[in-house]
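**Student:** The structure's right below; bear with me while I get my questions together.
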Amino acid sequence: MKATFACDPAQSRGRLYPEEESQFRSCFQRDRDRIIHSSAFRRLKHKTQVFLEHEGDYYRTRLTHSIEVAQVARTIAGTLGMSGQLTEAVALAHDLGHTPFGHTGEDALDALMQPYGGFDHNAQALRIVTSLERHYAEFDGLNLTWETLEGIAKHNGPVTGELPVALAEYNAVQDLELHTHASAEAQIAALADDIAYNNHDLHDAIRAKLIDEEEILVVPMIARSYAAVDQAYPNLDMKRRRHEALRRVFGVMVEDVLAASRAAIAEVDPKTATDVRMAGRQIIRFSDEIWEELKQLRGFLFRKVYRAPSVVKMREEVTTIIDELFPLFMDHPDYLPSEWREDVAEAADERTLARIVADYIAGMTDRFAIETHSRFIGGTDTRSRLLSK
């Protein structure tokens, strides 16, 4: 049963460029499909989550992460009576703006872009779906509905203070009401992201032997799950034991969000989607208890995984690639592919050129960035080392 405060496609605020609606798909379904068929979505296949995408076939990439987020988000949305179509669209689009090499690449590009307004992957995702995808005859971007764009822009909460450049530019064209909370559907996508990466980063780190399985038992939620598996299956082999335990951790997070969100919804008692936006608080949330345990888990992952010596070494090497590609293309914009040169020719100043260069680098896959660096700058040893891992 649909909740009264769910986003109704029939009541959508529409698209920036009016289009005749589909006879067999809702506007939110259409958004989801356009995202799936976008070039940026396909490129996520070869973009880092934590480990370089070619380091092993079993590690998550940005694409598999996005699919996992969408699966979790659909489950939560369906259970709470939200629009699964809108939730899935936001979930699938939430990482479109990521650079090669994950957050390492974003940090490097943001540092380089500081004189020109900085770089933010959420704002870049909005830039991609409103401008950089150029396939349609009548408009740039994907011309998504207001609700999907709102979800991409502020699924993590209201955006206040100095806005990222890409976000400010688009918000001047179409007001996304950045000072308010997002729809419940977008809030679900945000927490589904937390659930997915907390679970799979842990799983991938164990597979990569960055952490010992027994080490993670310091997190109470994980210790409880392992204990339950050991009690039910005392002689289970190590691989199945791990999968069963982490599967239960996954389930604990989902069930907690459902219970805590139901309680928050009962307190706020929203009647419409606007009530959700104006509630002044998130209505999709973890309980305080699980949130505290997740903070412990994040701290553990940060110390043991994201700052592991092998990961730090990789961060240094790929940061060098971004650091050297950016000034190269700023000095030689003619090195950019032909389809980018019209934008370069129209660039009125260095700030505009820098944004074009950032768009190009941010769109690269890991492998393409490594190979482009090798082709223009050299560093064959770095290329061989990174691509042979």
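The values are calculated or read from the model by the stated rules, or taken from the named source; none is laboratory data. These numbers were taken from a predicted model, which means no experiment stands behind them. Because the Cβ atoms are built from the backbone with ideal geometry, glycine has one as well, and the counts that use them run over all protein chains shown. Heads up: the accessible areas ignore ligands, DNA and RNA and are worked out on the full protein's heavy atoms, side chains in. Shrake-Rupley method; radii C 1.70, N 1.55, O 1.52, S 1.80 Å.
**Student:** State the answer as a single residue: which of LEU86, LEU236, VAL305 lies farthest towards the positive end of the charge dipole of the chain, with beta carbon charges of +1 for Lys and Arg and -1 for Asp and Glu, about the Cα centre.
**Tutor:** In the chain, that residue is LEU236.
**Student:** Do you know the relative contact order of the stretch 147-248, to the nearest whole percent, from alpha carbon pairs under 8 angstrom that are 6+ apart? Please report the intermediate quantities before stating the final value.
**Tutor:** Details: 65 pairs, mean separation 23.3, N = 102.
Dividing the mean separation by the residue count of the stretch 147-248 yields 23 percent.
**Student:** OK, next. Length gain on complete extension for the stretch TYR17 to ASP275, per 0.36 nm per residue less the alpha carbon to alpha carbon distance? The partial results should precede the final answer.
**Tutor:** On the way: separation 258, 0.36 × 258 = 92.88 nm, distance 2.67 nm.
The span from TYR17 to ASP275 would gain 90.2 nm if fully extended.
**Student:** Leaving out ligands and nucleic acids, note down the accessible area per residue over the chain with a 1.4 angstrom probe, in whole Å².
**Tutor:** Numbers: 17290 Å² over 389 residues.
Heavy-atom SASA per residue in the chain reads 44 Å².
**Student:** For the stretch 225-299, what D do you get in µm² per second when you plug the Kirkwood radius from alpha-carbon pairs into Stokes-Einstein at 20 °C and 1.002 mPa s? Intermediate results must be reported in sequence, preceding the final value.
**Tutor:** Values: Rh = 14.5 Å.
So the translational diffusion coefficient is about 148 µm²/s.
**Student:** Here is a follow-up. Whole-Hz ³J(HN,Hα) for each residue in the stretch 4-10, computed from phi via Karplus 6.51 cos²θ - 1.76 cosθ + 1.60 with θ = phi - 60°, x for glycine and proline: what do you get?
**Tutor:** Each residue's phi maps through the Karplus curve to give 5, 9, 6, 6, 9, x, 5 Hz.
**Student:** Pairs of Cα atoms under 8 Å, at least six residues apart: use those to get the relative contact order of the chain, whole percent. Present the calculation step by step, with values, prior to reporting the outcome.
**Tutor:** Details: 561 pairs, mean separation 79.6, N = 389.
Relative contact order, the chain: 20 percent.
**Student:** Rounded to the nearest 20 debye, what is the charge dipole size of the chain about its Cα centre when +1 sits on each Lys and Arg Cβ and -1 on each Asp and Glu Cβ? Please report the intermediate quantities before stating the final value.
**Tutor:** On the way: 46 positive and 62 negative charges, 251 e Å.
The calculated dipole for the chain is roughly 1200 debye.
**Student:** On a straight-distance basis, which lysines could pair with LYS295 in a cross-link, Cα separation under 24 angstrom, same-chain partners fewer than 8 positions away excluded?
**Tutor:** LYS154, LYS209, LYS304
**Student:** Probe radius 1.4 Å, ligands and nucleic acids ignored: give me the carbon and sulfur share of the accessible area of the chain as a rounded percent.
**Tutor:** 50 percent
**Student:** Starting at the first residue of the stretch 79-96, write each ³J(HN,Hα) from the Karplus equation 6.51 cos²θ - 1.76 cosθ + 1.60 with θ = phi - 60°, in whole Hz, x for Gly and Pro.
**Tutor:** Along the stretch 79-96, the couplings run 5, 8, x, 8, 6, x, 5, 5, 4, 5, 4, 5, 4, 5, 8, 5, 10, 4 Hz.
**Student:** Follow-up question, since we're still on this one. From the backbone phi of the stretch 282-294, what are the Karplus-calculated ³J(HN,Hα) couplings (6.51 cos²θ - 1.76 cosθ + 1.60, θ = phi - 60°) in whole Hz, Gly and Pro given as x?
**Tutor:** Residue by residue, the stretch 282-294 yields 6, 9, 9, 7, 8, 5, 4, 5, 5, 4, 5, 5, 5 Hz.
**Student:** Also, I was wondering about something else. So for the pair ASP288, THR79, with labels modelled 7 Å out along Cα→Cβ, what separation do we get in nm?
**Tutor:** Roughly 2.2 nm, to one decimal.
**Student:** Normalised by the number of residues in the stretch 26-136, what is the relative contact order in percent for Cα pairs under 8 Å and 6+ residues apart?
**Tutor:** On the way: 142 pairs, mean separation 28.5, N = 111.
Once divided by the residue count of the stretch 26-136, the mean separation gives 26 percent.
**Student:** Hey, what number do you get for the chain at 222 nm if only DSSP H runs of n ≥ 4 count, each worth -39500 (n - 2.57), divided across all residues, to the nearest 500? Please report the intermediate quantities before stating the final value.
**Tutor:** Details: 18 runs with 231 residues, N = 389.
Calculated at 222 nm, the ellipticity per residue is -19000 deg cm²/dmol.
**Student:** Work out, in µm²/s and without decimals, the Stokes-Einstein translational diffusion coefficient of the chain at 4 °C, 1.567 mPa s, Rh from Kirkwood over C-alpha pairs.
**Tutor:** Details: Rh = 22.1 Å.
Once the numbers are plugged in, D ends up at 59 µm²/s.
**Student:** Moving on to the next point. Can you give me the Kirkwood hydrodynamic radius for the stretch 111-209, using every pair of distinct Cα atoms, in Å to one decimal? Mind dumping the intermediate values first?
**Tutor:** Details: mean 1/r = 0.0663 Å⁻¹.
Its Kirkwood hydrodynamic radius stands at 15.1 Å.
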